[in-house]
Amino acid sequence: MRAAVFHEPGKIVVTEVPVPRIEADEILLRVRAASICGTDLRISRHGHFKLPPGRPRILGHEVAGEVVEVGSRVSGHAVGDRVSLTPNVGCGRCSHCRAGLNNMCPDYEAFGITLDGGFQEYLRVPGLALQRGNVFRLPETLSYTEAALVEPFSCCYRGQRAVGVGYEDVVVIIGAGPIGAFHVMLARLAGAEKIIVSGHGGRRLEAAGRLGADVVVEVPRQDLAEVVAEQTGGRGADVVITAASSPQVQSEAVGLLATHGRLNFFAGLGRDGTVPLDVNALHYKGLTLTGTTGSSNADYARSLRLAGERRVRLDQLVTAAFPIERIDEAFEHAASGAGMKAMVVFDGDKEVLP
Ligand SMILES: [Zn+2]
Ligand SMILES: [Zn+2]
């Protein structure tokens with residue numbers, strides 16, 4: 001079978017490798033769709049602290065596929081099942097795992113980081129992932145492509161739950177990439193009064209408008225703070241979500257909030273993780289600042305349901321799809337900022353581009 005193997009930063013090679021053999025407590029998936037995430041881009045460029053140098057790994061943690069083999073000791077799964085995976089397999093013993101927060105487990109395994117992920121034709125699902133509830137049966141209404149996209153969507157779902165968007169809220173989303181777009185869909189679904197999205201113009205910002213943003217702000221040509229003041233009669237935003245990895249953005253986000261405003265730092269900052277914070281604004285306006293990372297299996301289950309009920313159409317975000325031999329082009333598309341989500345799809349899959 002073909003697999004895209006990451007060897008070291010800057011080096012992913014598509015090669016022929018043996019189909020993985022499964023143990024009695026495992027299942028084998030034929031991967032049907034896998035999308036490229038910012039995390040894959042980061043690992044492909046800089047590696048990952050959980051991935052020792054020199055250890056080849058197959059990346060890709062936004063995955064859906066068909067069960068083609070089931071170990072003799074596995075129950076609840078059958079050949080032909082259509083499934084998707086959540087990437088983070090918790091240890092099952094720590095306080096976070098016991099609270100159902102596998103996304104916060106300090107001792108996790110993860111598809112695409114410590115376990116081989118979706119950029120290959122067949123994927124072995126270890127028994128641990130089955131036992132910890134990381135494998136989900138897909139609703140019939142959902143394509144494999146959409147199912148792969150439920151993972152990043154579920155992370156946005158978690159972020160938005162942290163700030164509790166509702167029908168009286170003016171919501172500002174900073175960043176018009178795929179994550180910003182998922183946040184637009186969720187804020188729309190929650191009935192937000194007004195959604196303002198900022199980005200660097202081009203197709204991504206246009207897409208934010210199509211997906212339900214009421215106001216799009218092209219920065220730096222326009223001043224986001226000015227537009228927010230205009231749009232709210234000087235009051236400020238009830239909710240701000242950062243979906244852009246810029247220190248300046250994170251720092252300025254606080255200044256956009258109304259009294260009792262809520263902020264979700266959705267985007268991390270990598271090495272530039274420290275920014276100045278206006279503590280007086282926080283204190284006198286009674287602000288709530290939150291941060292979220294990843295999603296729990298429970299968040300994922302709810303997100304899968306929203307997508308399956310067609311209350312959000314995740315496939316609207318797919319702007320390119322490539323066979324695995326051309327995965328470098330998929331990475332380029334994802335990195336370019338020209339489109340939204342780039343998919344890797346496999347032989348015979350017709351359901352590709354919208
Ligand atoms: Zn991801
Ligand atoms: Zn744990």
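Work out the length of the dipole vector of the chain about its Cα centre, built from +1 on the beta-carbon of each Lys and Arg and -1 on the beta-carbon of each Asp and Glu, and round it to the nearest 20 debye.
For the chain, the charge dipole is close to 540 debye.
Please work out the ratio of the alpha-carbon Rg of the stretch 156-291 to 2.2 N^0.38 Å and round it to two decimals.
On the way: Rg = 13.3 Å, N = 136, 2.2 N^0.38 = 14.2 Å.
It is 0.94.
Would you pull out the residues with amide H under 5 Å of Val217's amide H, same chain only if 5 or more places away, H placed 1.01 Å from N?
Val197, Ser198, Gly199
Under 10 Å, Cα contacts only: if you run a Gaussian network model on the chain, which one of Leu306, Leu123, Leu269 comes out with the highest mean-square fluctuation?
Its mean-square fluctuation being the largest, the pick is Leu269.
Lys/Arg Cβ at +1, Asp/Glu Cβ at -1, dipole of the chain taken about the Cα centre: which of Ala110, Ala338, Ala321 is farthest positive-ward?
After comparing all options, I get Ala110.
Among the aspartates and glutamates, which fall within straight-line cross-link reach of Lys50, defined as a Cα-Cα distance under 19 Å, with same-chain neighbours fewer than 8 residues apart omitted?
List returned: Glu8, Asp40, Glu62, Asp107, Glu109, Asp116.
For Asp25, Asp223, give the ranking by accessible area with the largest first, probe 1.4 Å.
Values: Asp25 45, Asp223 75 Å².
If we order Asp25, Asp223 from most to least accessible, we get Asp223, Asp25.
Just how far, in whole angstrom, is the stretch 153-172 from the stretch 3-32 if you go by their alpha carbon centroids?
36
Given a 1.4 Å probe, how much area per residue of the chain is accessible, in Å²?
On the way: 15640 Å² over 354 residues.
Here the residues of the chain average 44 Å² of exposed surface.
Only four residue types carry charge here, +1 at the Cβ of Lys and Arg and -1 at the Cβ of Asp and Glu. Report the dipole size of the stretch 156-291 about the Cα centre in Debye, rounded to the nearest 20.
Values: 12 positive and 13 negative charges, 91 e Å.
So the dipole magnitude of the stretch 156-291 works out to roughly 440 debye.
Taking the chain, how much of its Cα-Cα pair set, in percent, is spaced more than 34 angstrom apart? Provide the component values of the computation, followed by the final result.
Values: 15485 of 62481 pairs.
Result for the distance tail: 25 percent.
Leaving ligands, DNA and RNA out of it, work out the accessible area of Glu16 with a 1.4 Å probe and give it in Å² to the nearest 10.
Glu16 exposes around 140 Å² with every protein chain in place.
Restricting everything to alpha-carbon atoms, can you work out Rg to Rh for the stretch 276-345 with a Kirkwood hydrodynamic radius? Walk me through the numbers before you get to the answer.
Details: Rg = 18.7 Å, Rh = 15.8 Å.
Radius of gyration over Kirkwood radius for the stretch 276-345 works out to 1.19.
So if a site counts as exposed when it's one of the trypsin sites (Lys or Arg not before Pro), its DSSP state isn't H, G, I, E or B, and it has at most 14 other Cβ atoms within 10 Å, what's the longest stretch of the chain without one?
On the way: sites that count: Arg21, Lys50, Arg73, Arg93, Arg221, Arg235, Arg310, Arg311, Arg313, Lys350.
Free of exposed loop sites, the longest segment is 94-220.
Find the centroid of the Cα atoms in the stretch 254-281 and in the stretch 118-143, then give the distance between the two in whole Å.
36
Could you look at the stretch 156-291 and say what percent of its accessible area is carbon and sulfur, using a 1.4 Å probe and all protein chains? Before the final figure, lay out the partial values.
Values: 3090 of 6300 Å².
Carbon plus sulfur share of accessible area: 49 percent.
Leaving ligands, DNA and RNA out of it, work out the accessible area of Cys155 with a 1.4 Å probe and give it in Å² to the nearest 10.
20
The values are calculated or read from the model by the stated rules, or taken from the named source; none is laboratory data. Predicted model, so just to flag it, every value in this text is computed and none were measured. Cβ atoms come from the backbone with ideal geometry, glycine included; neighbour counts cover every protein chain shown. Note: accessible area is taken over every heavy atom of the protein model, side chains too, but ligands, DNA and RNA are not part of it. Shrake-Rupley method; radii C 1.70, N 1.55, O 1.52, S 1.80 Å.
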